[in-house]
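A short worksheet on the structure shown next.
The values are calculated or read from the model by the stated rules, or taken from the named source; none is laboratory data. Please read these numbers as outputs of a predicted model, since none were measured by experiment. Counting neighbours? That spans all protein chains shown, and the Cβs are built from the backbone with ideal geometry, glycine included. Keep in mind that these areas ignore ligands, DNA and RNA; they rest on the heavy atoms of the full protein, side chains included. Shrake-Rupley method; radii C 1.70, N 1.55, O 1.52, S 1.80 Å.
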Amino acid sequence: KQEVTQIPAALSVPEGENLVLNCSFTDSAIYNLQWFRQDPGKGLTSLLLIQSSQREQTSGRLNASLDKSSGRSTLYIAASQPGDSATYLCAVYQAGTALIFGKGTTLSVSS
Amino acid sequence: GAVVSQHPSRVICKSGTSVKIECRSLDFQATTMFWYRQFPKQSLMLMATSNEGSKATYEQGVEKDKFLINHASLTLSTLTVTSAHPEDSSFYICSAPDSQKLFFGSGTQLSVL
């Protein structure tokens, strides 16, 4: 059974710092991996999607990498801003299933 | 990209009442939709998979008689929380697949008093 783990569970950084969020999964047979942002009491915003054949994706200050063989992905946020404060979720998509989510990393960026 | 609309976004109800949540795919057809639940500081957990024209598939531990799912058309799935109790208070969110990607509704925050 697929399990997704995210480390750390929470992270507090001052504005301007670069940071890395980690995600690991136990079954490497995935179609893709997605990173989402969730604001308190709200839905999900898809940030980046990496297909199983890809190594990384970039969008603005965000860069996500995927090492499928080792079951790991990282989300790199450059020059963090207070507006980046949210919970970041990692999820994997396998054939015939819904997304399997990690518990998320709650990020707090102070000004 | 594809859009999934979910309503209501927030509902407060008394214990014992039933609450219906709607999930619509606005610009694509979805033969399958997924319903998730998220308790505070927990991950999103899959509750059930709704299938157009057939019975929903429930995950282990989810009471099918309490969480009624109807997927009557290719663009609409509904989740009804019957006889809601305070422990059902949670964030419910639906999603629908389109071209190997999942698109999410905006979620429903349910508070049962």
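The sole residue among B:Ser111, B:Ser90, B:Ser95 that is of a type in the set (Gly, Ala, Ser) and either over 15 Å from the mean Cα position of the chain (by Cα) or over 26 Å from A:Leu47 (Cβ atoms) (or both) is B:Ser111. Look through region A:49-67, keep the residues that are open to solvent by less than 70 Å² (accessible area, probe 1.4 Å) and away from every other protein chain (no Cβ under 14 Å), and return whichever of them is nearest to A:Trp35 (Cα to Cα). Result: A:Ala64. The residues in region B:20-31 that are surrounded by fewer than 19 Cβ atoms within 10 Å (Cβ to Cβ) and either facing chain A (nearest Cβ under 9 Å) or under 17 Å from B:Val81 (Cβ atoms) (or both) can be counted, and the count is 2. The strands (runs of 3 or more DSSP E) found wholly in region A:1-52 and carrying at least 3 residues that are modelled with pLDDT under 90 occupy A:44-51.
Just one of the listed residues (A:Ala98, A:Ala79) is assigned to a loop (DSSP other than H, G, I, E, B) and without any contact (Cβ under 8 Å) to a residue 24 or more places away in the chain, namely A:Ala98. Screening the candidates A:Val20, A:Val4 for the property of being in contact with a strand residue (DSSP E or B) (Cβ under 7 Å, 6 or more places away or on another chain), open to solvent by less than 60 Å² (accessible area, probe 1.4 Å) and under 26 Å from B:Pro40 (Cβ atoms) yields one hit, A:Val4.
Hey, among B:Ser90, B:Ser50, which residue is touching a His at 6+ places or on another chain (Cβ under 6 Å) and open to solvent by less than 10 Å² (accessible area, probe 1.4 Å)?
B:Ser50
Of all residues in region B:1-19, those being open to solvent by less than 40 Å² (accessible area, probe 1.4 Å), under 12 Å from the mean Cα position of the chain (by Cα) and closer than 20 Å to B:Pro86 by Cβ number 1.
Filter region B:63-103 down to the residues that are assigned to a strand (DSSP E or B) and touching a Gly at 6+ places or on another chain (Cβ under 6 Å), then identify the one that is nearest to B:Gly16 (Cα to Cα). Before you say what the answer is, go through the steps one by one.
If we filter region B:63-103 for residues that are assigned to a strand (DSSP E or B), which is where we start, we get B:67-73, B:76-81, B:90-98, B:101-103.
From what's left, touching a Gly at 6+ places or on another chain (Cβ under 6 Å): B:91, B:93-94.
Working: B:Phe91: 18, B:Ile93: 22, B:Cys94: 23 Å.
Filtering region B:63-103 for residues that are assigned to a strand (DSSP E or B) and touching a Gly at 6+ places or on another chain (Cβ under 6 Å), the one nearest to B:Gly16 (Cα to Cα) comes out as B:Phe91.
The condition of being in contact with a Lys or Arg (Cβ under 8 Å, 6 or more places away or on another chain), under 23 Å from A:Leu48 (Cα atoms) and open to solvent by less than 70 Å² (accessible area, probe 1.4 Å) holds for B:Ser106.
Quickly run through region B:32-59 and pick out the residues that are more than 10 Å from every other protein chain (Cβ to nearest Cβ) and on the phi > 0 side of the Ramachandran plot. B:Gly53 - this is the single residue of region B:32-59 that is more than 10 Å from every other protein chain (Cβ to nearest Cβ) and on the phi > 0 side of the Ramachandran plot.
Specify which of the listed residues (A:Ala9, A:Ala64) is in contact with a Gly (Cβ under 8 Å, 6 or more places away or on another chain) and of a type in the set (A, V, I, L, M). Give the steps one after another, and end with the answer.
On the way: A:Ala64 fails: in contact with a Gly (Cβ under 8 Å, 6 or more places away or on another chain).
Testing whether each residue is in contact with a Gly (Cβ under 8 Å, 6 or more places away or on another chain) and of a type in the set (A, V, I, L, M) leaves just A:Ala9.
Check region A:75-82 and report whether any residue there is within 14 Å of chain B (Cβ to nearest Cβ) and buried (at least 16 other Cβ atoms within 10 Å of the Cβ). Within region A:75-82, none of the residues are within 14 Å of chain B (Cβ to nearest Cβ) and buried (at least 16 other Cβ atoms within 10 Å of the Cβ).
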